[in-house]
1. First measure r as the distance between the Cβ atoms of residue 199 and residue 389, then evaluate 1/(1 + (r/R0)^6) with R0 = 56 Å and state the FRET efficiency to the nearest 0.05.
2. Exposure proxy check: 396, 752, 488 ranked by fewest other beta carbons within 10 Å?
3. Over segment 518-608, what relative contact order in percent results from Cα pairs under 8 Å that are six or more residues apart?
4. Viscosity 1.306 mPa s, temperature 10 °C: what is the translational diffusion coefficient of segment 522-567 from Stokes-Einstein with a Kirkwood Rh over Cα pairs, rounded to a whole number of µm²/s?
5. Using a 10 Å cut-off around each Cβ, can you sort 665, 624 from fewest to most neighbouring Cβ atoms?
6. Give, in nm to one decimal, the length gained when the segment between residue 740 and residue 179 is fully stretched (0.36 nm per residue of separation minus the Cα-Cα distance).
7. How long, wide and thick is segment 215-257, going by the Cα atoms along their three principal axes, in whole angstroms, largest first?
8. For segment 212-360, report the convex hull volume of the alpha-carbon atoms normalised per residue, in Å³, without decimals.
């Protein structure tokens, strides 16, 4: 028997070995493939994929207030993306996108050859579909196993979805540097314009970013970004997407990119933080990634007006109390790093003249400050203060007349809040001079004594107890023994220590008599006053159980005071303040809709307080009388500064606390209620004569000039049960119409006073009756004898 040649036996064994190895590899590959199929994510999740998008907060008129979230993204549909941008991405990332079935094996071979020849992974060979698989379904780890997963998932994605849908997913999800995800966010970030307003060169720049979005973007490395852009343009020319003239025009353009942060349309940082906290409490961390759109109750116009009114008022107070020395460059460090605080900008003094200062802003803008806007700081002198010298840093602000003014950051603080009294919607709110300097929201978080602003609550309780606006109380000094065992005395005083003797309650409230308020509280009882205050939204812990309650010795925030005064504005209903009108998903579905209780003056009492309607806290006749009293505070009393509005339906009450620590004005018309407050965070005194009428009322008036500009007057209708009678204010009793001192006053029908003669006659009759009822002297028989 002949033997086989040795080399044939070797070849047979080698062939057998290769076959075995191939079978094993195929078996292993099949095992890996089937194993991966069981652990790979389901591509069907792309049906309901939600892009990570920031939380956006808007005014009720859809103007952007703020956005919160790490990823900037605004998803769009493919038909909203310009065709040249689509071509640019296909040319840069996957020129056979519409030809392959999810995997471009030619590209993978090229990438593998590059790796073998150079030892470097320069070309990934990933198609757009494979990138979609990685972006949406896999991690970013760079391993061969992940590449296998990409390939498998890409094939499955292509079987489930159209090419256009895959491309839409990709263009909305791809990271393009500078926290921008998707092409819409990138266009805004780099160019500050929507997609349809970019140039061909700018489209190519965006399409070049996926290769290395953090390192090769036009902000981080402009030179390399332009090189990448030009490569994309060249590929577009080769593929026939653009013509040679278009290519020549685009490739020679310089980069036009610079960072464009999406600026808010309206500055309302205190409101934005309130909304952020509320939405986070409702949705958790998803609030920052699920693309929620929150529409607030804030009016853009009124918010801007409130901010400016507050700042103007604080500047006004600050300027009344003197200029603080400017600082040298050495004192302040790097001039260009100094912050803008509120409406004040840092400026370097270039030249000082007797009547003018020349200065330079941080952006090198040269400005002149005229004498009219400097003289507040000279304390009677006739030249620029010697404390301002060349080289010093000062602060300036731009006035409404477009001239620059010398200024400083106010040390005093303030707050302002405006509500719609019909349902409690917050129309404007600002919690301080500058949010970045102090995030403490004084409009909602402060606990300040309301002072005389609390007196209308006491007067409401008194009217409910049977007193009338014509009831007489003595406005004279009083000594109150607070603790008889310790002989502790309280000697309250009126402002300026002025006393008017016996006066009506109307006169007492108009002139804000402290003594009458205390006597009135003592007459009705503290428990009755507290019970009334609770109906107006105050809590027991805010209300001290002493006679000092009459002077507002408790505490409240400006928002609480506005809520209480809303009842005087809306006919007597307690509305609940709210600031979120609705919350929508990124797709526009309404997730939350506010359902505030509405003030309904025409509703029957049985319908109020039922959820749809706000609860009534004042009867119609009591409300009318209180509104009449508070209108007189404006027309004839401490709030006469509000007469600048030239309206008869304005009402309200000033408030000033002990040692002038707080200055308030709470005021309203039937269409809007607002509270302004000024004070120091450390509770130090504002200074003598810094009262509510002088310090806080100007803020309110400035705001209302805009808020009421197109609102007609709305006088309150006299309700049934209220009558008008002619009285003598000296006695509070009815008098004859020929009495020149007499005035007309409103009364509840069953509380109309009588004439003084009738009162005297009744008194005389009582005296006679008392005499008639006196017992006769006992009979003494001895005297008769």
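1. Details: r = 49 Å, r/R0 = 0.88.
Computed FRET efficiency for residue 199 and residue 389 comes out at 0.70.
2. Details: 396 21, 752 16, 488 10.
Ordered by Cβ neighbours within 10 Å, fewest first: 488, 752, 396.
3. Values: 81 pairs, mean separation 17.6, N = 91.
Rounded, it is 19 percent for segment 518-608.
4. Values: Rh = 10.9 Å.
Rounded to a whole number, D works out at 146 µm²/s.
5. Working: 665 29, 624 21.
Lowest count first: 624, 665.
6. Numbers: separation 561, 0.36 × 561 = 201.96 nm, distance 7.74 nm.
Length gained between residue 740 and residue 179: 194.2 nm.
7. 31, 16, 11
8. Details: hull volume 43.1 nm³, N = 149.
Value for segment 212-360: 289 Å³ per residue.
Where a number appears in this text, it was derived from the coordinates with a stated rule and is not lab data. Not measured: the values here are computed from a predicted model. Neighbour counts run over all protein chains shown; Cβ positions are idealised from the backbone, glycine included.
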